[in-house]
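This report refers to the structure that appears directly beneath it.
The values are calculated or read from the model by the stated rules, or taken from the named source; none is laboratory data. This is a predicted model, so every value here is computed, not measured. Here the Cβ positions follow ideal geometry from the backbone for every residue, glycine too, while neighbour counts run over all protein chains shown. We work out accessible area using only protein heavy atoms, side chains counted, and drop any ligands, DNA or RNA first. Shrake-Rupley method; radii C 1.70, N 1.55, O 1.52, S 1.80 Å.
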Amino acid sequence: MKDKIQSLLGPQYPWKDLLEYLPETDSTNDRLKALAKSGAPHGTVLIADRQTGGRGRNGRSFLSPEGMGVYLSMLLRPQCTAMELMHLTCAVAVAMCDAVEAAAGFRPGIKWTNDLVFGKQKLGGILTELSLGAGGLADFAVVGIGINCRQRPEDFPEALREIACSLSAAAGREVCPEVLAANMMQALYHMDQTLLTGKDAMMARYRSDCVTIGKDICLLRPGAPVEHGRALDVDDSGALVVAFSDGRVEAVNSGEVSVRGMYHYV
Ligand code: BTN
């Protein structure tokens, strides 16, 4: 796996030797955070063939069976404040749309904030974790991405069969995990190059890929009742601008958003 990915990376990719591969780990994000604390450099990538404790947002798990997907984390050490990285997850999402398009021949949508979708089904997700340094500076960021690559519908547990999809099923042909992984690494490298300078152009691309904008949504915030509204936009910090049914318009940063017509929201 590692040799094949390295052979697929173009000559302009500068971090070939910073790729670590594990047949199995609990969570590539957790392992990479431990490596970051012991000094691993900017650009280090950890890929596992299987995760036993893959994590998603809001404390969820991310199913990571052997040989079926790409489970990849990249370490970044941006020279900026944490505030300047508010858009990082959006930037990673756009980069992953580019990578999927290159590897599978179609462009997925983005369900705000961090899900990659094909129609009404989830293809993968992004978990960005930031470690703070002194004075509001970012110490490091670990961006973790899991993408379902080879599953047939019957390979998903029954509870997920209707709401999850793989790139191979969506594309109607085999998508090779190594090809996808190499495209993901290259797209993340390009994202890193323009992370602080190309924010406006990137956010315009995010809005155009984001399928949540214009849809009726349901918002569940911790300790609050379910709220209904319509998603109007995504602002420059990556917050979802929602017109609630009681007339309020608010930029929402956290909570669980269900989009009408997707996953199980009818
Ligand atoms: C989500 O769906 O909420 C995000 C899923 C992120 C999964 C990836 S797989 C690689 C990395 N390691 C983890 O434990 N999580 C991320």
Within the stretch 81-102, track down each residue that is open to solvent by 10 Å² or more (accessible area, probe 1.4 Å) and farther than 18 Å from S237 by Cβ. D98, E101, A102
Go through (1) at pLDDT 95 or above; (2) open to solvent by less than 50 Å² (accessible area, probe 1.4 Å); (3) in a loop (DSSP other than H, G, I, E, B); (4) in contact with a helix residue (DSSP H, G or I) (Cβ under 8 Å, 6 or more places away or on another chain) and name the single condition G10 misses. (1)
Kindly list the number of the only condition in (1) assigned to a loop (DSSP other than H, G, I, E, B); (2) open to solvent by 60 Å² or more (accessible area, probe 1.4 Å); (3) within 12 Å of the ligand (Cβ to nearest atom) that fails for R31. (1)
Looking only at the stretch 87-119, how many residues end up being without any contact (Cβ under 8 Å) to a residue 24 or more places away in the chain and assigned to a strand (DSSP E or B)? 1
Working only within the stretch 34-55, note down all residues that are out of contact with any Phe, Trp or Tyr (no Cβ under 8 Å at 6 or more places or on another chain) and either exposed (fewer than 15 other Cβ atoms within 10 Å of the Cβ) or hydroxyl-bearing (S, T, Y) (or both). A34, K37, S38, G39, P41, T52, G53
Looking only at the stretch 120-155, and only at residues there that are touching a residue at least 12 places away in the same chain (Cβ under 8 Å), in a loop (DSSP other than H, G, I, E, B) and open to solvent by less than 70 Å² (accessible area, probe 1.4 Å), the one that is farthest from the ligand (Cβ to nearest atom): Q151
